[in-house]
2 protein chains.
Amino acid sequence: MVTSESPKDPAADQIRTVLDGRWADVRQHLRADPDFPVAVPALELGLDEHRARTLDACRALAGSDFVLGAVPPEQGGTGDLGGSITGLEMLGHGDLSVMIKAGVQFGLFGGAISNLGTARHHDAHLQDALQLDLPGAYAMTETGHGSDVQSLLTTATHDPETDEIVIHSPSPAARKDYIGGAARDARMAAVFAQLVVAGEDHGVHCVLVPIRDEEGRAMPGVTITDCGPKMGLRGVDNGRLMFDQVRVPRQNLLNRYGDIDDEGNYTSPIESKNRRFFTMLGTLVRGRITVGAGAGAAARSALAVAIEYGLHRTQFHYPDGEHEVVILDYRGHQRKLLPRLARSYALALAQNAIIARMHDIAVGAESSENAQRELEARAAGLKAVTTWHATDTIQACREACGGAGYMSANRFTDLKADTDVFATFEGDNTILLQLVAKGMLTNYQADFADLDTAGAILFGARQLSTSVIEHTIGGSLIQRLLSGAPGRDGDDALRDRGGQLALFEDRESHMTETLAMRLRRSGDDGSDSFRVFNDAQDHLLEAAHAHMDRVVLEAFVTALDDAAQGPGRDLLEKVCDLFVLSSVEENRAWYLEHGRLSAGQAKGVVARVNELCDELRPHASTLVDAFGIPDEWLTTEMMDDLAQF
Amino acid sequence: MVTSESPKDPAADQIRTVLDGRWADVRQHLRADPDFPVAVPALELGLDEHRARTLDACRALAGSDFVLGAVPPEQGGTGDLGGSITGLEMLGHGDLSVMIKAGVQFGLFGGAISNLGTARHHDAHLQDALQLDLPGAYAMTETGHGSDVQSLLTTATHDPETDEIVIHSPSPAARKDYIGGAARDARMAAVFAQLVVAGEDHGVHCVLVPIRDEEGRAMPGVTITDCGPKMGLRGVDNGRLMFDQVRVPRQNLLNRYGDIDDEGNYTSPIESKNRRFFTMLGTLVRGRITVGAGAGAAARSALAVAIEYGLHRTQFHYPDGEHEVVILDYRGHQRKLLPRLARSYALALAQNAIIARMHDIAVGAESSENAQRELEARAAGLKAVTTWHATDTIQACREACGGAGYMSANRFTDLKADTDVFATFEGDNTILLQLVAKGMLTNYQADFADLDTAGAILFGARQLSTSVIEHTIGGSLIQRLLSGAPGRDGDDALRDRGGQLALFEDRESHMTETLAMRLRRSGDDGSDSFRVFNDAQDHLLEAAHAHMDRVVLEAFVTALDDAAQGPGRDLLEKVCDLFVLSSVEENRAWYLEHGRLSAGQAKGVVARVNELCDELRPHASTLVDAFGIPDEWLTTEMMDDLAQF
């Protein structure tokens, strides 16, 4: 966003190139595409109108390149997974209902068919899903169990008499809840349920269940209700499903990881029930990366609006009595927006890195199981920290625009309400950080194998066989910088990129070691191991945060290293400094408590954050311009008002 | 909120008595009053329906005891100001549109007539305002100037020819904006404008201006537009007003502090233009206290819902594989909710104290100008910290209820959206904290008198003649506790109430002293003094926070001292400990940097917060029950769902 008067800073284009990353062409194409449904906010649309508009927008995307990208060529897609997620991220600058509805239809519903199904499902349904000829739903969460997917209550029981699978909701707690698409549009649901074959429970599997006929009437035995009004995402028709002994053919079981053969026997290529479960859940990784990407985009939209406003809005006079102060010149205002801007940059670059990695793993450029596990842990953590960052940043931006920020025409209403649930869906953030922590503890696993057996520790997380603490992105560069770091003195460390990396890594390592020591103290009986876990839960969550700070910084440093020399890169170096310094500032109690910074150094960190705000202030417009959000996607009434003053 | 099965803890009633405070009878009366318009949330009402419903609810309140309480007996009220604000606070547990609309009509519009007007206005309009026979608006904020009221652009020019006052909006920036009541209902507005008499500008005054006729048509020269959809408070009809040479009789000037005599001369009982301005603005104190009270009530509602949910919702199994864990048993969950619960208690008690003090000042039990100034600073600070606390707490509570928290039927939608603007209106929180800081610097005023002359420092704050650092509430008790404090050793200090008070006060004093030193460095020329102020702004805002922490703790300690001995008080002592320890935890970097806590002591603070969460967990239900929010005011779908499991 740059006003017409101000000539564009050439640094903006250089920075945009860095931010656009590997799928820059996808971004550029969508920016220029007049049909790309980055709809303006839906002020005061009725619930049904908004839902209809959202479905229409998804239809406009159906079958497009970036929808087909999610599916490999052998299933009829283009296999450009990275381009596909990047496209969804760009949708995040518009009406987020469209992004989420598209994510549910193409990513979750289509993704379940593609990833959990086999040829018979691909042939029968995949193109219909991608073309939106078959509106679908992804029915995992139940009213009684959300995070704890392993304990879902819905049953899918094989009936050898008729060779059908019987889907049933045994209790109110088994009701499928908050299911996008269920309330209005979906005709088929990918239903997660305990698969019972010959009386034996084989754990959670996914079955395709028709829930509406062609005329939109609920199928026999399926009770559909509407979740009704929500805080945001009004265009997404979330609903509830109850199944009363609903029969579908055996072939509707998505059978890639578990099947029932013609003799009615259960078979699976994965012996361990637990490992099978987590392999199926691994398909969630795309959704999590998409949500993180969308949250990041929404935060950048908010910052672009608030910083542009802060550069034009004045309040109170200078002592000269003549001129009024531009509000972004106030230190308090800079402190509200600029450290969050720096963090948004860091997260955007980390997002690019994870999209690239997911893409490479999907196309087989990197194919170890460890790589997949590491990706899952990283995706979980990045989703958690980015969605929380979005909530925090959008709030700060709203407040930074005062009363105008409260008016729906100025965007924050939808940005705030729509992204609020991002902290919860596709994995509750707290649970996701536990998954990260589990990965961090892998090096220590021999010490508390018994706890893993007990199954109580680190709920929802699967055992990794490699430590996520390794430098999977930018490895050699990071090692080089670390080995050139000036040692432990806080002053030097803070001035040197390698020193900054070492500071972040030191915090993470220390927290991980001490966490492992605490968890090791557990006795043998089960209840005690819960106590040990629970007593350390706050420590564990903070360690996961420390890990993600390090991962995000490494992505920033790697992107900087790849960037061409020039004023854009110089400016980005400063943004990286602000990200580092403001992170250290926020956690400086830890650095003080653990002797990593002296009191004087810690005060110096605060002073340096102020200086960096000062230094970046003249470039604020350049830095939001570099986000590359077309002006017409971010029109607000308040900027029109200011233009008249 | 207590479920029917669990017998009520007798401590709940004891604690409720403490929380109910001096106007317990008002609270008890309203809890039992079936006509009290604590409406359930207005799910999916159209904008106009919601506005109509809100107006109806305000009509139900019109002329009631607690509306009349805001006005002294000599003006036809009851003079029970404390009861009046307490009643508005209770409304805060319901649809906040009603609370705000009532606040605008009775508090701001009625309040302007009562406090800024004289007998002629009281006789002509006050009863009509209080009975809602004359729907009104309070037209202060303009599109171009919100926080900087002194720079408003609207003019009110005396025309000696016709003896009228001409109200005019000279530019788009002069448009009155976000004005509650303007869009739909108000027939008269209290318009703040620069009063020009005989060519001389006498600063901002307030004039009553009819804006609609009896049929609801805009008066000639008045252009009314609708602000349209907002993030929340949909029942409040915010609008915009432009005046094109609108003429009203000279008598419409609210002339208590500035008048035009029959000869067309300006007169005022207050010589200093600046002092006059701040005296008029002093009437804002009631609005600020009301907003703080409402924010506190909303945060308590959110906590009551989220804690009750956390006590019944389970997720993941214990290692025994049989039982599922109640989510409030997780330390991470306790940490989300219990420190915020403790702070809510502290703020509620501080709110009670300020309402009592305002009441006593209003009825003349305490009448010095210093007392009024101190009240204004305290009200500003309490409004800022309580509204931010509400935003933060409601968000945490929403997330603590997962997907259910996102459904509008579970209350957080409205709680979040409605309270969001509280950080902005009735004074932007950042500006309000600057006002607090100005009060804190009073003892140092001789050192930088020149800065005050320059007028650049501490925008929007008026000079106090007494330091707000004095113990105006609970003074002798606090002094006694402080003098019995065990000295500077962190361990002892944290265990002793006097020591805790000393720790808070020490932080505040040190920050204030160092702030004064920094501000003193200013040179003589105006622009430099801006730089000096601005460089210290982050320091200044943190000092104001430290001040408010201390003020709030003193209110808690005073209320504890007044409480009857018993299990309720014992529990409250622990809540107070959690408030103190979690505040110290949050600011422990400062305590470490300034040698107030050793690294070991700082780690001990974190551990103690965990212990206190553990100790309070069994009493969580009692502690939200003690809020005294009737069950039927907080009905949610998700609790009904859980009851069926």
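The values are calculated or read from the model by the stated rules, or taken from the named source; none is laboratory data. On a predicted model such as this, the values are computed, not experimentally measured, just so you know. Backbone-built Cβ (ideal geometry, glycine too); neighbour counts: all protein chains shown. What goes into the accessible areas is simple: the full protein's heavy atoms, side chains included, and nothing from ligands, DNA or RNA. Shrake-Rupley method; radii C 1.70, N 1.55, O 1.52, S 1.80 Å.
Here are the numbers for this structure:
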quantity	calculated
Accessible-area composition of the range B:524-612, carbon plus sulfur, in percent [1.4 Å probe]	45
Only Lys, Arg (+1) and Asp, Glu (-1) charged, at Cβ; the range A:14-135 dipole about Cα centre in debye	260
D (Stokes-Einstein, µm²/s), Kirkwood Cα radius, chain A, 1.567 mPa s at 4 °C	50
Efficiency of FRET between B:E44 and A:D392 - r from beta-carbon atoms, R0 41 angstrom, step 0.05	0.90
Theoretical gain in end-to-end length, A:D535 to A:D226 [0.36 nm per residue, Cα-Cα removed]	107.3 nm
Bridge type composition, chain B - antiparallel percent by DSSP, nearest 5	80
Local electrostatic count, A:L126, Cβ distance below 12 Å [Lys/Arg +1, Asp/Glu -1]	-3
Fully extended contour minus Cα-Cα distance, from B:Q245 to B:D562, at 0.36 nm per residue	108.4 nm
Within chain A: Cβ-based charge dipole about Cα centre, in debye rounded to nearest 20 (Lys, Arg +1; Asp, Glu -1)	640
Relative contact order (%) - chain B, alpha-carbon pairs under 8 angstrom, separation at least six	16
In Hz, Karplus ³J(HN,Hα) per residue of the range A:183-193 (6.51, -1.76, 1.60; θ = phi - 60°; x = Gly, Pro)	5, 9, 9, 5, 9, 9, 10, 8, 9, 8, 7
Within 10 Å of each Cβ in B:330-342, the average number of Cβ atoms from other chains	3
Value of relative contact order over the range A:14-135, rounded to a whole percent, pairs C-alpha under 8 Å and six or more apart	25
Hydrodynamic radius by Kirkwood, which averages 1/r over all alpha carbon pairs of the range B:283-633, in angstrom	21.3
Helix A:331-362 vs. chain A, principal-axis angle (Cα, 0 to 90°, nearest 10)	40
Equivalent ellipsoid semi-axes - Cα gyration tensor, the protein assembly as shown, angstrom	50, 34, 32
Using a 7 Å Cα-to-Cβ projection, B:A365 label spacings across copies, nm, ascending	7.5
Local net charge near B:A139, Cβ-Cβ under 11 Å (Lys/Arg +1, Asp/Glu -1)	+1
Residues of the range A:203-240 buried by at least 10 Å² on assembly (accessible area, 1.4 Å probe, chain alone as reference)	A:C227, A:P229, A:K230, A:M231, A:R234, A:R240
Cα-centre dipole for the protein assembly as shown with unit charges at Cβ (Lys and Arg positive, Asp and Glu negative), debye to 20	1000
Folded to 0 to 90 degrees: helix A:47-61 orientation relative to chain A principal axis, Cα	90
Label point 7 Å beyond Cα along the C-beta direction, distances from B:D123 to other copies (nm, shortest first)	9.5
Positive-end residue of A:L45, A:H539, B:A502, charge dipole of the protein assembly as shown with Cβ unit charges	B:A502
Alpha-carbon centroid distance for the pair the range B:590-617 / the range A:610-645, whole angstrom	41
Chain A: angle of helix A:526-535 to the longest principal axis, Cα-based, in degrees nearest 10	20
Estimated FRET transfer efficiency (B:D570, B:K273; beta-carbon r; R0 60 Å; 0.05)	0.65
Modelled FRET efficiency - R0 30 Å, B:R120 with A:D320, Cβ distances, 0.05 increments	0.15
Pair B:E200, A:E74: separation of 7 Å Cα→Cβ label points (nm)	9.1
Area accessible to solvent at A:D414, 1.4 Å probe radius, in Å²	40
For the range B:429-443 versus the range A:197-255, the gap between their alpha-carbon centres in whole angstrom	58
Positive-pole candidate from B:A32, B:F109, B:T54, dipole of the range B:10-135, charges at beta carbon	B:F109
Accessible surface buried upon B-A contact (total; probe 1.4 Å; Å², nearest 100)	7400
Rounded accessible area per residue of chain A, 1.4 Å, Å²	33
Given charges at Cβ of Lys, Arg, Asp, Glu: the range B:283-633 dipole, positive-most of B:V421, B:T283, B:A371	B:V421
At least 30 Å² accessible surface lost relative to isolated chain, residues of the range A:132-171 (1.4 Å probe)	A:T143, A:G144, A:H145, A:D148
Surrounding net charge for A:T223, when Lys and Arg each add one and Asp and Glu each subtract one, Cβ distance under 13 Å	+2
Portion, in percent, of the accessible area of the range B:137-271 that falls on carbon or sulfur, probe 1.4 Å	46
Within 10 Å of each Cβ in A:589-601, the average number of Cβ atoms from other chains	4
Cα point-scatterer Debye curve for the range A:14-135, base-10 log of I(q)/I(0) at q = 0.10, 0.12 Å⁻¹	-0.32, -0.45
Antiparallel bridge percentage (DSSP; both residues within the range A:70-228; nearest 5)	70
Calculated label separations, B:H594, copies of the chain, 7 Å along the beta-carbon direction, nm	2.6
Point-to-point label distance, B:R518-A:A643, nm (Cα→Cβ direction, 7 Å offset)	3.9
